[in-house]
1. Can you give me the relative contact order of the chain as a percent, contacts being Cα pairs under 8 Å and 6 or more apart?
2. In terms of the Cα gyration tensor, with a ≥ b ≥ c the square roots of its eigenvalues, is region 164-303 rounded because a/c is under 1.5, prolate because a/b exceeds b/c, or oblate?
3. What does the extension gain come out to for L140 and Q441, with contour length at 0.36 nm per residue minus their alpha carbon separation?
4. Rounded if a/c is under 1.5, else prolate if a/b beats b/c, else oblate: with a ≥ b ≥ c from the C-alpha gyration tensor eigenvalues square-rooted, which is region 8-48?
5. Hey, how many Å between the Cα centroid of region 131-203 and the Cα centroid of region 227-306?
6. Cross-link partners among lysines for K304, C-alpha distance below 16 Å, same-chain residues fewer than 8 apart left out?
7. For Rg and Dmax of the Cα atoms in Å, several values are listed as (1) 21.8, 90; (2) 22.4, 79; (3) 21.5, 63; flag the one computed from this structure.
8. N204 versus H316, label points 7 Å from Cα toward the beta carbon: distance in nm?
Amino acid sequence: MSTAPRQLNLNLFIYPNGHHEAAWRHPLAAHQRVLDVSFYQELAQQAEAAKFDAVFFADGLGIGDGVRYASRFHLEPITLINALAAATQKIGFIATASTTFYDPYTLARLLAFTDHLSHGRVGWNIVTSSLKRAAQNYGLAEHPSHAARYARAHEFVEAIGRLWDSWEDGAFINDPASGLFADTDRIHPAQFSGEHLSVAGALNVPRSPQGRPVYVQAGSSEAGRDFAAQYAEAIFTAHQTLESAQAFYRDVKERATQRGRNPAHVKILPGLSPFIGSTEAEAKALQREFDELIQPDFSLLQLKNQLGLDVDLRGHDLDAPFPLHLIPDNPDQAEHSRFQLVLDIVKREQPTLRQLLQKLAGARGHFVLAGTPEQIADHIQTWFEQGAADGINVMPPWLPGGFEVFTREVVPILRQRGLFREEYSGSTLRDHFGLPRPESQFAPALAQAQAA
């Protein structure tokens with residue numbers, strides 16, 4: 001029995017203006033349209049025309065450091081994806097929402113209804129929120145510890161899953177002739193009670209087309225990897241080397257297998273921010289144009305946040321070697337998803353501080369590659385075929401042109417090599433990712449009771 005060849009998953013990761021921190025200053029970027037919904041609808045339509053799996057939106061629950069110098073706000077994703085779903089037919093949408101500051105019932109309603117309105121095209125990027133000022137914005141005296149946030153996250157996912165399952169398939173009758181609107185034997189209270197959360201249920205929205213949104217996650221710490229292995233169906237990750245990406249890929253797939261999950265249902269999707277030119281020299285020159293617009297005061301704030309340390313490097317010579325001696329050898333810093341990545345860059349490449357800031361400016365630690373369309377396609381194919389990725393989160397350095405050139409020049413090469421679809425084979429995000437539709441956890445219990 002023959003099986004279809006494995007295919008890439010491609011997502012468009014939209015960041016206001018683009019992923020390079022200085023993109024908003026470059027004349028190629030449509031900075032004046034950053035709050036124009038039609039701009040994002042056009043990008044989603046372009047991604048759909050290229051047969052991308054999904055459009056992804058990050059989120060943050062406070063003003064980012066350095067908003068004086070850069071586009072440091074986030075688009076509210078759930079509101080936005082409803083507007084984009086109305087302008088598209090098949091492409092999926094992934095919204096970030098925090099388990100630390102949402103409550104399960106509110107988020108369950110929002111995403112279930114969005115899944116209905118989009119006809120099954122929604123994913124949820126599960127985050128615990130590392131921004132410390134977010135806690136104060138939500139009335140907490142201090143930011144919960146990393147361990148406390150993950151403990152709540154586990155309970156949150158269990159609780160919201162019970163809410164999404166509380167209406168079994170077939171519970172929504174909606175039959176005027178019989179006068180039966182809902183089969184209440186198939187509607188169940190969530191009845192979740194934990195140390196951090198409790199929810200009575202049932203949800204007041206019928207079961208959505210996908211059963212529940214696709215679970216997406218992006219943590220790289222030990223706790224994050226365990227969480228991903230238990231719940232995530234797609235994982236966003238950042239790596240600077242093939243070897244690092246391969247090690248992460250093996251580790252998470254093995255953890256998922258140990259939990260009795262099918263590793264093929266855990267998609268690993270590293271980020272890639274490509275500068276594309278007709279020659280490599282042209283692509284690198286384009287990247288330099290963006291790097292020359294970097295504002296060091298902002299870049300240093302970004303670096304401080306990525307390291308998770310209270311180390312002020314503003315007085316350090318930008319063209320001197322990075323002062324590694326100022327970074328304490330503290331294993332607890334591994335909790336910060338970019339700490340080890342930054343440290344590895346410093347040890348491997350021994351950059352000056354300016355060189356490090358430029359390397360991180362492109363996509364906050366995700367892989368930045370300047371090259372021809374063929375070189376970009378080669379990179380993606382290598383990571384895909386050598387056990388480092390199931391697909392790629394495409395992170396255009398600027399918008400819209402940085403994405404337009406990728407779909408025009410790189411996607412056709414991937415198709416020619418048999419790596420990416422010509423057409424959608426389904427209509428839901430689960431279809432695009434090749435993921436099963438989960439059965440309500442209450443359905444087996446009801447079937448057993450009826451059989452008894």
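Taken together, the values in this text are just the output of simple stated rules run on the coordinates, not laboratory data. As the structure is a prediction and not an experimental result, all values here were calculated from the model. Note: ideal-geometry Cβ built from the backbone for every residue, glycine included; neighbour counts use all protein chains shown.
1. 23 percent
2. Prolate is the answer for region 164-303, as a/c is 1.5 or above and a/b outweighs b/c.
3. 105.0 nm
4. Oblate, since a/c reaches 1.5 and b/c is not below a/b.
5. 31 Å
6. Correct list for K304: K132, K359.
7. Computed from these coordinates, Rg and Dmax of the Cα atoms in Å corresponds to label (2).
8. 5.4 nm
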